[in-house]
1. Which residue, of A:Ala60, A:Ala36, is touching a residue at least 12 places away in the same chain (Cβ under 8 Å) and under 18 Å from A:Leu140 (Cα atoms)?
2. For B:Trp72, indicate whether it is free of Cβ contacts under 8 Å to residues at least 24 places away in the same chain, aromatic (Phe, Trp, Tyr) and either out of contact with any His (no Cβ under 6 Å at 6 or more places or on another chain) or not assigned by TED's automatic domain parsing to the domain that holds B:Asn157 (or both).
3. Go through region B:1-31 residue by residue and tally those that are of a type in the set (Lys, Arg) and either assigned to a helix (DSSP H, G or I) or more than 7 Å from every other protein chain (Cβ to nearest Cβ) (or both).
4. Test of understanding: among A:Ser76, A:Ser85, A:Ser139, A:Ser97, which residue is closer than 27 Å to B:Val12 by Cα, assigned to a helix (DSSP H, G or I), of a type in the set (S, T, N, Q) and away from chain B (no Cβ under 14 Å)?
5. Among the numbered criteria (1) more than 9 Å from chain A (Cβ to nearest Cβ); (2) at pLDDT below 95; (3) part of a helix (DSSP H, G or I), which single criterion is violated by B:Tyr90?
6. Can you tell me which condition A:Pro229 does not meet? The list is (1) of a type outside the set (D, E, K, R); (2) out of contact with any strand residue (DSSP E or B) (no Cβ under 6 Å at 6 or more places or on another chain); (3) modelled with pLDDT of 60 or more, and all the others hold.
7. Determine, yes or no, whether B:Glu63 is in a helix (DSSP H, G or I), free of Cβ contacts under 8 Å to residues at least 40 places away in the same chain, over 18 Å from B:Gln85 (Cβ atoms) and away from chain A (no Cβ under 14 Å).
8. Give A:Val84, A:Val80, A:Val104 a once-over and let me know the one that is buried (at least 18 other Cβ atoms within 10 Å of the Cβ) and over 18 Å from the mean Cα position of the chain (by Cα).
Amino acid sequence: MRDEQERVRLRRQAARVVLLPWLLLTVALLGGLRVAARDRSLLFLPPPLVTLVLAALLAALFVRARLVLPGRWLGSHLTVLQNVSHALTLLALFFASAQAFNSVLPEAGLLHWIFALFFLWTLWNDQFAPFDPRRLLRSLAVLFATAFVLKHLLLSGLAPGPEGGGWSRRLVGALLEGVTLGTIDVPAYAAATGYLSFFTLALFVGALALVRPSPEDQPAALAIVEATPVRDELGF
Amino acid sequence: MRSALLHGFGIVSSLAYAGAVVWLYATQPRTLAEVATGARVAAGAYQVDEARFRAGQELFRREQYGPARDEWDRADPARRDARVQFYVAYAYYREGWGRFHHDDRLYTAGLQAVDHALALSSAAPLRVDDPELGLHTAVELRAELQAGLTTSLGDFNPMRTLEKRK
C-alpha cells in the first residue's frame, strides 16, 4: 500500500518536474514558428516586446488567481535543487505565455496593434476580477481560442494568394468597398502554420492544467479544532 | 533520494531543451535538413561528404564552375570546412577571370568565400596542395581577387592580356 502511494507520488512529481517544463518549452519553441507560403521554409519569430508585457500581466493573473503560490514554489523551506527546478519551471511558464501570445498575434501592421490592445485590455480587466484557477483556465482557453479563430481562420484569408486572396479577403473587400486594405498587412503563411498554432495553444492550456499552486506534495492538512467540554450536556 | 534525482534530471533536461530552443531562434534554420545539419555541427559530429567533394573537384577540372559550387554546397551544407570554402572561392575566381576583363560580381562572391575560409582556418594558415591550382594558399587567392577588383594604372597595360589564369 505504501509502495503504491510512493509510486503515485513519484509519478506526480515527475509530471511537475520533468513533463511540465518540457511542455512549456515546447510551447516556447512552437509559438514563434511559422511556415512560409512561398517556399514552405521555416521562420522562427522571436517574441515581440509587447508579448513579454502580456506574459507579465498573465503571470500576475496566475498569482492573483492562486494558480501559482510564489511562496510555495520558491523559499527557504525547499532544497536548492527544488528551488532551481521550480525557478526554471516558472521561467519556462513565462516564456511559454509570451510565445502563446506570439502565436496568435498578427506579425505586423495595424492588426498587430489592435490584437495587442485587445489582449492588454482583457488581461488588465482580469486583474480586478475574482478568479480561481479553474475559472482562469476556462477564461484563458476562450481568450486564446477567440484569437486563434480571428487570426488563423479569418485574417489568414486576407493574405494575398495566387488567385488574389481567400474568401475573407473578398468579403472584407466587398464590405469595405473603396477603403484601402493597405494598412492591413497580413503576411502569407502556409496552412501548416495554423495547425502548429492550434497544437501550441492546446499544449499551453494542457500544461496550465498541470500547474499546481504548490509544486511539492504537502503533508496532509492539519485542522485546528476547538473542542468544548460536553461533560455537562452528557450529565457527568 | 529519488526526489533529488528527479529534480536533477528535470533541471538538466530543461536546460538542454531551453538551450536547443534558443539555438534554433538564434540560428534561424530554414528547413528541417538545416536543423539536422546544425545539430550535427553543435554535437561535433559534422563531416564533409567526401564523395560529393571529389565530384565537385571533377566538375571544377572540367571548368564547370557553377555545378562544382553546387556540389560543394551539398558536400558542406553548413559551410564549416575551410578547404571546401577555399575551392568555392577558387571556382568564383576562375569563372570570373577574363583576359580583358574580370567579372566583379563573381570576384566579390569569391572574396566573400575566401574571407569565410580564412575565418574558418584562423588557427593555422590555410594551404591546399593541389597541382591543378596556381594559388595554394587562401591569402594568395584573396590578394588575387582583391587585385582583380581594384582599378589601377596597371589595368591599362597591354601586357596584362598576356597574363595567365592561375
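1. Checking each option against the conditions leaves just A:Ala60.
2. In short, yes.
3. Matching residues across region B:1-31 total 1.
4. A:Ser97
5. Exception for B:Tyr90: condition (2).
6. Condition not satisfied by A:Pro229: (3).
7. Considered against the rule, which asks whether it is in a helix (DSSP H, G or I), free of Cβ contacts under 8 Å to residues at least 40 places away in the same chain, over 18 Å from B:Gln85 (Cβ atoms) and away from chain A (no Cβ under 14 Å), B:Glu63 comes out as no.
8. Exactly one of A:Val84, A:Val80, A:Val104 is buried (at least 18 other Cβ atoms within 10 Å of the Cβ) and over 18 Å from the mean Cα position of the chain (by Cα), namely A:Val84.
The values are calculated or read from the model by the stated rules, or taken from the named source; none is laboratory data. It should be emphasised that the depicted structure is a prediction, and the values quoted were computed from it without experimental measurement. Neighbour counts are summed over all protein chains in view; Cβ atoms, including those assigned to glycine, are modelled from backbone coordinates with ideal geometry.
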